[in-house]
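Reviewing the structure listed below.
The values are calculated or read from the model by the stated rules, or taken from the named source; none is laboratory data. Everything numeric in this text was worked out from a predicted model, so none of it was measured. Reconstructed Cβ throughout: ideal geometry from the backbone, glycine too, with neighbour counts over all protein chains shown. These accessible areas exclude ligands, DNA and RNA; they are computed on the full protein's heavy atoms, side chains included. Shrake-Rupley method; radii C 1.70, N 1.55, O 1.52, S 1.80 Å.
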Amino acid sequence: MDSAILSLLGAFLLSILGLFAFIWSLRKGLLVENPRGAGVIFARGEIGQVDDPALADPALRQLQDVSTAREGAPAGADAGELRDRIDADRSSAFPVFMFIAFACLWLLVGSAAGLTASIKLHAPDWLTGEGWLGFGRLRAVHTNAVFYGWVSNACIAVILWLLPRLLRTRLAGAGWAMLGGSLLNAGVAAGIGAIASGWSDGMEFLEIPWQIDVFIFGGIALVILPALYTLADRKVEHLYVSVWYFVASLLWIAVLFLVGNLPGVHVGVQQATTNWWFGHNVLGLWFTPVSVGAIYYFLPKVLGRPVVSYNLSLLGFWTLAFFYPQVGGHHLIGGPVPGWLTTLSIVQSVMMVIPVVAFSINQGGTLWGRMRVAIYSPTLRFMMFGGLMYFASSVEGSIEALRSVNRVAHFTHFTVAHAHLGAYSFVTMVMFGAIYFMLPRVLAWEWPYPRLITLHFWLAAVGGLLYVIPLSIGGWLQGLAMLDASRPFIDSVTVTMPYLEWRSIAGAMLTLGHLVFVGHFFAMALRFGPHRAGAALFWSAPETGIAHGK
Amino acid sequence: MENELKLGAGAVASLGIATAALVVLPYLQVRDLHPAPGLKPYTEQQLRGRQVYIANGCVYCHSQQPRDRNFGPDFERGWGRASVPADYYYDSPHLLGTMRTGPDLLNIGARQPSEDWHLGHLYQPRAYVQGSNMPAYRFLFVQKDSAEDGDRVVNLPAGYGVPGKVTVATREAIDLVRYLQSLDRSYPALPAQARP
C-alpha cells in the first residue's frame with residue numbers, strides 16, 4: 001500500500017478514536033471544572049493565604065496585604081491540617097536536605113566544567129597538557145554533573161518533600177531513600193571520574209560506564225520504593241496533579257535508565273535511535289514533569305489561590321505522557337535511520353504544543369492580575385520565569401523539529417542553546433525556586449541574606465538569556481554557512497567565534513550566580529546570619545505559631 | 001483521579017508505545033542486517049584507536065553521518081555519499097554524533113589518508129587549518145631530546161615544534177590515526193536495505 005493512503009487511513013482512525021475519547025470524557029463529566037481537586041493543596045480555610053518561606057515576616061505580611069487587597073482576607077487555616085503538614089515536612093526533612101546538599105555540590109562541579117569547556121572552544125590552545133582537561137571530556141563531565149548530579153538530585157528533593165505534603169502522610173522509608181541517595185551520588189561521582197579519566201560508554205548522556213550505572217540504578221530504585229510506599233500510605237482521597245507528574249516521572253526514569261544502559265543489546269543505528277530515545281526522554285519524562293509538577297504546587301501555594309483550570313492540567317499530563325516519549329528521533333533527522341521513525345518524532349514534537357499550551361494557559365490564568373506578587377515573592381519569581389521559559393523552549397523545540405528548520409539548526413550550536421533554554425532557564429530556575437521555598441521549612445531557619453536571593457535571580461535570569469539568545473543566533477549563522485556549498489567549511493567555525501565568546505561571559509555570570517546560591521545555602525545550613533525564628537536543629541521544628549501555615 | 005494503579009499503568013503504557021517505536025521496531029528492522037560488501041571489520045589497533053576517539057569525546061564535535069544530497073552539501077564538501085545502516089555494522093558504540101563544530105568524519109580516511117598530516121594536525125590543528133578551534137591534543141605526544149629506536153617522530157611544519165626537541169607520537173596517537181585512516185565508506189552503498 002502506498003504511504004499516502006496509509007497515512008490518510010491512520011489520520012482517519014485517529015480522528016475516530018479522538019471522537020470516542022471526547023464522547024467518553026463528556027459522559028464521565030471530565031469537562032466540568034473541578035475546583036475541589038485544585039484545592040487539595042490547601043488546608044481547610046487556607047485559600048487566600050499567601051505562602052513563601054523564603055521571605056522574612058515583614059515581607060510576607062506585605063505580600064499578604066497585596067493579596068488581601070484584591071481577594072479578601074483568608075478565613076484562617078484549620079490548625080489540625082497544618083499540624084499534619086508539619087508532620088509530613090518533618091518526616092522528609094533529613095533526606096531532602098541531603099539531596100539538596102548533593103545537588104548544590106554537583107551544580108558547582110558542573111558549572112566549573114561547563115565554563116572551562118566553553119572557554120576552550122574559543123581558546124583551543126588553553127590547558128592542552130592533560131587528557132582530563134580536554135574539551136571532549138570536560139563537556140561530558142559538565143553534562144553528566146548537571147544532569148545526574150544537579151537536576152536529578154534537586155528533582156528527587158522536590159518529589160520527596162512534596163509527596164508527603166500532598167498525600168498528607170509521613171514519608172515512608174526515609175532511611176532507604178537516604179541510602180539510595182548515597183548510592184546514586186557515589187555512582188555519579190564514580191561515573192564522572194571515569195569519564196574524566198577516559199573510560200566512557202561513548203554515547204551522549206549515556207557516557208557513564210554501565211558497570212557504574214548498576215549503582216546509580218540501585219540508588220534510583222531505593223528512592224522510588226519509599227515514594228511508592230508513601231503513595232500507598234496516603235491519607236487523602238484525591239491525588240493532586242503534581243502527584244501524577246512525580247509518580248509517573250519516577251516510573252519513567254527507572255525504565256529509561258534501565259533500557260538505555262543495557263549492555264550488549266543495542267548496535268549500530270538502532271543504538272543511535274535508543275540513544276536519542278533516552279537522551280530526549282531524560283528531559284521530557286524526568287526533568288520536565290518534575291518541574292511542571294513543582295510549578296503546579298508552588299505557584300498556587302505562594303498565591304494562596306488554586307489553579308484556574310484543573311482539567312487543563314490533567315489534559316496536559318496525559319498529552320505529555322503520550323507525545324513526549326516519541327520525540328527523540330528528531331535528533332537523527334537526515335541520518336541513516338528509517339524515514340518513518342524521524343517522521344513520527346517530528347509529528348509528536350509538534351503535538352507537544354498541546355500540553356505546553358494547556359500548561360501555559362493555566363499558569364497565565366492563575367497569575368492573571370496577580371503578577372505584582374512576584375515583586376515580593378522570590379519563589380514565585382523563579383517559578384514564573386521558569387514557566388515562561390518552558391513555553392519558549394518547548395515551542396522552539398516543536399519548530400526546530402520541522403525538517404526545513406532542522407536542516408539549518410541540526411549539527412550546530414543552536415541545539416546547545418536550545419538545550420540550555422530548556423534545562424537551565426526552565427528546569428534549573430524552577431529547581432532554584434523550589435529550593436528557596438523548601439529549605440526554610442526543612443532547616444527551620446530563614447535564608448540569612450534575602451538580598452542574595454535577588455542577586456542570584458538576576459544573575460541566573462539575565463545570564464541564561466545572554467547565553468541562549470546570542471548562541472542561537474551564532475548557531476543559526478553556523479548552519480547557514482554549513483549549508484552553503486560555495487563557502488568553505490571553516491567559515492562555519494569563524495562565524496561562531498564572537499557568539500562563543502559571549503557564551504563564556506554568560507556562563508561566567510551563571511557560575512557566579514551559583515557561587516552566590518551555594519554560598520547562601522551553606523551560610524544557612526551552618527546557621528549564619530542574623531538570628532531569626534527557628535530552632536537550631538532541623539528535626540525539631542518549632543511549635544511556635546505553626547510556622548508552616550503562616 | 002483517585003486510582004494510583006491507573007496512573008502508573010497509563011504512564012508505563014505511554015512510555016511502552018514510544019519504546020516499541022523508537023527502540024524495538026528499529027531493533028527488529030536492523031537485526032538481520034549484513035555488513036556492506038565493501039566494509040572491512042576494524043583491526044585490533046583500529047579498535048584501540050576508536051577507544052581513544054571515544055575517551056576524548058571527538059563525537060561531540062564530529063558527526064559520522066553524511067546526509068543525502070537534497071538535505072545539505074555534505075557530498076560536495078567531500079564528506080561522502082549518504083550513509084546507510086549497513087555502513088555501521090561493526091560500530092559499537094555508535095558514533096553518529098549530533099554536532100558539526102568540525103567536519104563529518106565518516107570518510108576522513110579516504111579524504112585525508114596521510115599519517116603525517118593526522119599526527120601533526122592532532123598536535124596543533126592550527127598549523128594546518130587557519131582559524132580552526134579544534135583542541136590541540138598535546139598530551140598524546142611527548143617531547144624528547146632525540147628520537148629513540150621505534151619512535152614515531154612527528155614532522156611538524158616549521159615553527160610549530162619545540163626548538164631543540166623532537167615531537168614523538170604516543171601509542172594512543174598512532175592508534176587514533178589508524179582508526180581515522182580506516183574511516184572510509186567510499187564503496188557503493190546498496191540501493192536499498194535488502195528485506196525479505
For A:V158: the one exception among (1) part of a helix (DSSP H, G or I); (2) surrounded by fewer than 22 Cβ atoms within 10 Å (Cβ to Cβ); (3) within 18 Å of the chain's Cα centre (by Cα): (2)
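With respect to A:S309, is the statement that it is more than 9 Å from chain B (Cβ to nearest Cβ) and surrounded by fewer than 24 Cβ atoms within 10 Å (Cβ to Cβ) true? Write out each step before concluding.
Working: more than 9 Å from chain B (Cβ to nearest Cβ): yes; surrounded by fewer than 24 Cβ atoms within 10 Å (Cβ to Cβ): yes.
Criteria met by A:S309.
From the list A:F99, A:F94, which one is assigned to a helix (DSSP H, G or I), more than 9 Å from chain B (Cβ to nearest Cβ) and surrounded by fewer than 19 Cβ atoms within 10 Å (Cβ to Cβ)?
Just a single option satisfies the conditions, and that option is A:F94.
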Neighbours by Cβ (under 6 Å, 6+ apart or cross-chain): first from region A:147-160, more than 19 Å from A:S242 (Cβ to Cβ); second in a helix (DSSP H, G or I): A:Y148/A:V188; A:G149/A:W106; A:G149/A:V188; A:W150/A:A103; A:W150/A:W106; A:W150/A:L107; A:W150/A:G110
Test for A:V290: is it more than 14 Å from A:C155 (Cβ to Cβ) and either open to solvent by less than 20 Å² (accessible area, probe 1.4 Å) or of a type in the set (A, V, I, L, M) (or both): no
Residues that are at the interface with chain B (Cβ under 9 Å from one of its Cβ atoms) and either part of a helix (DSSP H, G or I) or among the aromatic types (F, W, Y) (or both), drawn from region A:261-277: A:G268, A:V269, A:Q270, A:Q271, A:A272, A:T273, A:T274, A:N275, A:W276, A:W277
All positions within region B:20-47 that are facing chain A (nearest Cβ under 9 Å), open to solvent by less than 60 Å² (accessible area, probe 1.4 Å) and out of contact with any Phe, Trp or Tyr (no Cβ under 7 Å at 6 or more places or on another chain): B:A21, B:P26, B:Q29, B:V30
Qualifying residue in region B:78-88 (condition: open to solvent by less than 20 Å² (accessible area, probe 1.4 Å), in a helix (DSSP H, G or I), at pLDDT below 95 and in contact with a helix residue (DSSP H, G or I) (Cβ under 8 Å, 6 or more places away or on another chain)): yes
Test: residue in region A:389-404 that is closer than 21 Å to A:A523 by Cα, assigned to a helix (DSSP H, G or I) and among the polar types (S, T, N, Q): no
Residue match in region B:181-189 (condition: without any contact (Cβ under 8 Å) to a residue 40 or more places away in the chain, acidic (D, E) and either surrounded by fewer than 19 Cβ atoms within 10 Å (Cβ to Cβ) or in contact with a His (Cβ under 6 Å, 6 or more places away or on another chain) (or both)): no
Filter result (assigned to a loop (DSSP other than H, G, I, E, B), of a type in the set (A, V, I, L, M, F, W, C) and in contact with a helix residue (DSSP H, G or I) (Cβ under 7 Å, 6 or more places away or on another chain)) within region B:128-171: B:V129, B:M134, B:A136, B:V154, B:L156
Enumeration of residues in region A:442-479 that are in contact with a helix residue (DSSP H, G or I) (Cβ under 6 Å, 6 or more places away or on another chain), within 30 Å of B:R69 (Cβ to Cβ) and open to solvent by 10 Å² or more (accessible area, probe 1.4 Å): A:S472, A:W476
Enumeration of residues in region B:129-143 that are surrounded by 14 or more Cβ atoms within 10 Å (Cβ to Cβ) and farther than 14 Å from A:P124 by Cα: B:L140, B:F141, B:V142
Selection count where residues are of a type in the set (G, A, S) and crowded, with 24+ Cβ neighbours inside 10 Å, scope region A:229-247: 1
